[in-house]
Amino acid sequence: MTAIYKREVRAFFHSFIGWLYLAATLSLTGIYFTYFVMLYGEPSIAYVLQGVTFLFQFAVPILTMRSLAEDRKQKTDQLILTAPVSVSKIVFGKYLALLTVCAIPVLVIGIIPFMLSFYGDFQMGVSYTALFGFFLYGAFALAAGLFFSSLTESPVIAAILTFIVLFLGYLMTGIRSMISQTGNLVTDILSVFDMAGRFDAMLEGSLYVPSVIYYVSFAMLFLFCTIQSIQKRRYSVSSKGIKIGAYNIGILVLTTVLTVLVNVVAEKMPESVRSLDVTSNKLYTLTEETKTFLSGLSEDIRIYVMVNEEYKDGNLDKTLRRMTALSEHISVTYVDPLVNPQFYSNYSEDEPEANSLIVVGPARSKIVNYYDIYGYEYYSYYEYQITGYDGEGQIVSALEYVTTDTMPKLYMVSGHNELELETQFRQAIEKKNIACESLLLLSEEQVPEDAQALILNAPLSDYSDDDVEKIIRYLEKGGNAVIVPAWTDVELPNFERILDYYGVSVLNGVIMEGDSDYYYGQIPYLLFPKVDYDEMTENITESMVFAPYAQGLLYDESVQGISYIPLLETSETAYNKAYDQERLEVETDFKQKEGDREGPFVIALRAEKAAGDNLVSKGVILAAELFFTEDADSIVPGNNVKTFGNIVGGLVEQESTILIPMKSYSALMTFSTRSAAIVGLLSIVVGPVCLLAVGFVIWFRRRKA
């Protein structure tokens with residue numbers, strides 16, 4: 001087998017074919033790489049490889065057509081067939097030579113993710129999984145080409161047969177959709193020939209095990225058929241030829257059936273092992289909070305996905321499969337709007353967009369709009385970038401909603417130049433199934449009776465005496481509040497009365513950290529505070545939160561009737577740097593000086609004060625104005641949002657405080673136009689031309705010899 005392998009490899013690279021394949025593959029890769037990665041900043045090579053795969057339809061027939069057909073045509077196969085070596089070794093020797101030719105550009109492309117990892121958060125797992133799938137697709141195609149080369153002595157006919165099969169397999173997803181959009185027996189049978197669809201399943205951030213099994217099993221099937229084809233000719237002169245032929249047919253049928261059954265079983269594998277998440281931030285892996293929640297479900301819930309299953313969102317489908325695998329109380333049904341156009345009217349007046357979910361519980365239902373499944377960053381009305389995936393969070397929120405009877409309400413106090421909650425924090429409230437409304441105290445006689453909590457978010461102008469009286473009366477009745485003091489040079493004595501209700505005041509100045517493990521970069525007032533254990537922080541105690549421009553909270557633990565539970569603290573090496581009250585500026589010299597108050601400091605706490613009629617008023621005071629902003633949350637993706645959800649969920653006393661933040665995609669990479677032009681020139685033109693030149697020189701010298 002080794003001799004045959006070496007002979008075949010030399011044949012490829014002593015002729016022009018091997019060099020042409022390398023040049024074409026790398027040039028086409030260079031085109032897509034320059035477009036997707038260098039110009040548009042795509043942080044993986046998955047789409048690059050998706051574009052290159054159509055080359056297999058043309059390159060594989062050329063590579064394989066002479067492998068066995070040429071030997072048969074030139075009668076040199078008789079020497080091989082009569083050699084003291086098994087047919088399987090002959091076939092595998094030739095096949096391994098073909099794999100070597102296929103593997104060389106794969107190895108070259110494999111350098112790209114490693115190189116780009118030095119320039120940003122490049123998706124290594126996604127890239128190498130896609131590259132692995134690319135190689136398997138090529139290996140499968142080569143096995144098919146080798147089989148068709150064994151059937152004929154004409155290389156041209158072998159190439160045509162290979163091209164037809166591979167091209168039909170490449171188009172099979174579209175062909176199935178043309179036959180039926182709802183799926184039937186015919187399309188189910190044709191799915192066996194959907195070669196490109198298996199590769200596409202490995203481009204979405206998951207190692208899709210059924211695709212691996214498909215390519216390996218069918219490659220082995222084609223190789224087995226190739227061996228049987230040659231074996232039959234080897235013994236055709238035998239008196240037992242008819243029996244051997246019948247035996248071969250029976251074995252081929254049995255092997256084909258077993259291969260199909262293996263792939264059917266693979267598609268039925270549990271989701272936990274069928275699809276392995278390879279994204280760097282585990283976009284499609286369920287969190288422990290979700291697993292705990294799903295295991296506790298006791299009521300049956302139906303989830304309707306409003307789309308033909310042929311056009312389902314792959315990411316969303318993976319999340320739903322993982323959930324159904326964890327809870328027998330969840331069932332998922334795909335509803336084709338073309339077949340059942342009025343299905344949604346049972347649950348909503350407005351028609352949801354394709355791939356939206358209708359989650360139906362025992363008493364009520366909720367629609368999860370497909371638009372909310374992803375996060376977007378808009379550059380203009382027509383241009384945007386998908387920045388995150390929120391399938392898990394949105395579905396869990398809907399499941400909680402349909403399994404509970406109540407919906408708490410909180411109010412955002414307005415009218416004092418408060419800091420508005422940004423989108424992700426508002427979505428966190430919605431995902432907690434909490435109703436949120438703005439409250440202008442000037443137009444109300446009192447805080448509404450249904451208010452379970454108030455949010456006072458960094459007011460820049462002071463409250464009126466009347467406003468304060470309304471809020472304190474509310475708190476004295478057992479009301480709750482989230483209070484965020486603003487970093488401002490304006491005196492707010494009435495706002496401070498609300499803080500004083502809980503016996504809390506704010507230390508003048510900004511906290512500096514002395515321990516570099518607790519601040520961001522080289523700036524000691526951009527804090528990563530320690531998260532103390534509490535029911536409001538129990539799911540983030542091992543995580544980092546970001547609190548820029550934080551201030552210290554002062555309180556007296558000996559005060560009767562009030563208990564204090566610290567939530568966020570600095571290290572003991574922190575110190576308070578007083579700021580100029582008139583200019584609200586901090587000294588540029590961050591070093592600790594004599595007179596600076598030493599830490600540790602509490603920058604967030606939960607206070608509980610006894611109210612009348614055995615009631616308790618809960619207040620969460622967080623002295624970091626920018627904590628509840630998307631810019632701060634982006635430093636510790638999702639953790640500030642999760643903290644906010646925990647706080648409001650704890651104050652409104654929900655039975656569950658689970659909140660799954662949106663999982664962010666890797667940011668787009670940025671390269672200069674000049675760099676893109678240089679890389680494009682080298683990868684598309686210079687490199688391939690050099691390979692062609694080497695191949696031409698070798699071919700020309702051998703021809704002259």
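The values are calculated or read from the model by the stated rules, or taken from the named source; none is laboratory data. Model, not experiment: these values are computed from the prediction. Neighbour counts run over all protein chains shown; Cβ positions are idealised from the backbone, glycine included. Heads up: the accessible areas ignore ligands, DNA and RNA and are worked out on the full protein's heavy atoms, side chains in. Shrake-Rupley method; radii C 1.70, N 1.55, O 1.52, S 1.80 Å.
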Yes/no for ALA428 being without any contact (Cβ under 8 Å) to a residue 40 or more places away in the chain and not charged (D, E, K, R): no
The stretch 631-642 residues that are on the phi > 0 side of the Ramachandran plot, paired with ones that are among the charged types (D, E, K, R) (beta carbon under 9 Å, 6 or more apart): GLY638/LYS663
The stretch 511-536, subset aliphatic (A, V, I, L, M) and at pLDDT below 90, residue nearest to the chain's Cα centre (by Cα): MET536
Subset tally (residues that are in contact with a Gly (Cβ under 9 Å, 6 or more places away or on another chain), open to solvent by less than 70 Å² (accessible area, probe 1.4 Å) and under 16 Å from VAL679 (Cα atoms)) for the stretch 1-37: 10
So ALA130, is it under 21 Å from LEU252 (Cα atoms) and open to solvent by less than 10 Å² (accessible area, probe 1.4 Å): no
Check on SER438, of a type outside the set (D, E, K, R), part of a loop (DSSP other than H, G, I, E, B), open to solvent by 30 Å² or more (accessible area, probe 1.4 Å) and in contact (Cβ under 8 Å) with a residue 12 or more places away in the chain: no
Selection count where residues are of a type in the set (S, T, N, Q), under 22 Å from GLY375 (Cβ atoms) and in contact (Cβ under 8 Å) with a residue 60 or more places away in the chain, scope the stretch 307-359: 2
Which listed residue, of GLU204, GLU153, is over 22 Å from ARG66 (Cβ atoms), open to solvent by 20 Å² or more (accessible area, probe 1.4 Å) and not in a helix (DSSP H, G or I): GLU204
Residue check, GLY110 closer than 28 Å to TYR334 by Cα and free of Cβ contacts under 8 Å to residues at least 60 places away in the same chain: no
Of all residues making up the stretch 488-506, the number that are under 18 Å from GLY552 (Cβ atoms), open to solvent by 20 Å² or more (accessible area, probe 1.4 Å) and either assigned to a strand (DSSP E or B) or hydrophobic (A, V, I, L, M, F, W, C) (or both): 2
In the stretch 1-52, the residues that are assigned to a helix (DSSP H, G or I) and of a type in the set (S, T, N, Q): THR2, THR25, SER27, THR29, THR34, GLN50
Odd one out for MET407 among (1) in contact with a strand residue (DSSP E or B) (Cβ under 6 Å, 6 or more places away or on another chain); (2) over 16 Å from ARG364 (Cα atoms); (3) not β-branched (Val, Ile, Thr): (2)
Entirely in the stretch 635-704, the helices (runs of 4 or more DSSP H) that have 3 or more residues that are modelled with pLDDT of 85 or more and exposed (fewer than 15 other Cβ atoms within 10 Å of the Cβ): 687-704
Selected residue (only one of TYR463, TYR389, TYR401 is under 28 Å from LEU615 (Cα atoms) and crowded, with 21+ Cβ neighbours inside 10 Å): TYR463
Hey, GLN394 assigned to a helix (DSSP H, G or I) and either under 17 Å from the mean Cα position of the chain (by Cα) or closer than 22 Å to LYS642 by Cα (or both) or not: yes
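Residue-wise test of (1) of a type in the set (Asp, Glu); (2) more than 22 Å from the chain's Cα centre (by Cα); (3) under 17 Å from GLY645 (Cα atoms).
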site	(1), (2), (3)
ILE367	no, yes, no
ASP372	yes, no, no
GLY375	no, no, no
THR387	no, no, no
MET407	no, yes, yes
ASN417	no, yes, no
